[in-house]
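The values are calculated or read from the model by the stated rules, or taken from the named source; none is laboratory data. Small disclaimer: the values here were computed from a predicted structure and weren't measured. Here the Cβ is made from the backbone with ideal geometry for all residues, glycine too, and neighbour counts use every protein chain on show. With ligands, DNA and RNA removed, areas are computed over all heavy atoms of the protein, side chains included. Shrake-Rupley method; radii C 1.70, N 1.55, O 1.52, S 1.80 Å.
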Amino acid sequence: MKKLAVFLSSGEPNFHIKSDLDQIANFLAEQKICLLYGGGKLGLMGYLSQKTKEYNGYVEGVTVDMFDKKKYTPDYIDSLEVETNFYDRKRKLNDHSDAFLILPGGIGTADEFFDVLNLASLGLITKKIIVYNKNDCWTDLLTWIDKAKNMEMLRTIPKNLVIAENIDAVSYTHLTLPTKRIV
């Protein structure tokens with residue numbers, strides 16, 4: 001794996017996650033895996049990108065013009081692309097990554113997660129989608145996905161979707177070894 005697209009919050013959650021982000025950043029740097037993310041310097045996005053750089057990792061950002069104009073993009077990342085809209089930003093993140101890691105986040109993160117999940121369910125991508133369900137952040141959405149499957153509104157749950165309940169499962173299991181579907 002060369003590039004990992006990470007979708008996560010630009011806000012600060014009210015639960016402890018920074019030590020997990022430290023571990024992810026260190027892992028990416030050690031494994032020489034590029035962090036590809038939304039290009040922000042705020043919240044969890046900023047923390048993960050800064051930590052990855054501190055560990056001498058490579059960081060690429062893809063942001064949108066409105067955020068770049070507001071100076072939400074850090075000057076320490078290795079590469080930054082500015083798109084005019086969110087659709088082009090997501091396309092770029094999807095096209096240039098080898099896998100996806102979904103960390104806790106809000107509506108934007110959920111949108112990015114559902115975009116790649118939809119592409120996977122249609123068979124358009126086979127890249128691994130790892131959801132880190134820290135503090136049950138994604139439990140209700142994952143329950144809904146199971147419900148949609150059970151109600152036959154979703155034919156299958158993509159085999160490349162894996163759920164990690166702890167940080168060790170994220171990095172040392174799902175990013176380096178073949179995985180089994182957990183959902």
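One residue alone among SER97, SER171 is at pLDDT below 95, within 13 Å of the chain's Cα centre (by Cα) and under 26 Å from ASP20 (Cα atoms), and that residue is SER171. Filtering the range 91-137 to residues that are among the β-branched types (Val, Ile, Thr), assigned to a strand (DSSP E or B) and either without any contact (Cβ under 8 Å) to a residue 60 or more places away in the chain or open to solvent by 20 Å² or more (accessible area, probe 1.4 Å) (or both) leaves ILE129, ILE130, VAL131.
Looking across the range 1-39, the residues that are free of Cβ contacts under 8 Å to residues at least 60 places away in the same chain and in a strand (DSSP E or B) come down to CYS34, LEU35, TYR37. Residues being farther than 23 Å from ILE130 by Cβ, open to solvent by less than 30 Å² (accessible area, probe 1.4 Å) and not β-branched (Val, Ile, Thr): count how many of those fall in the range 46-90. Total satisfying the criteria: 2.
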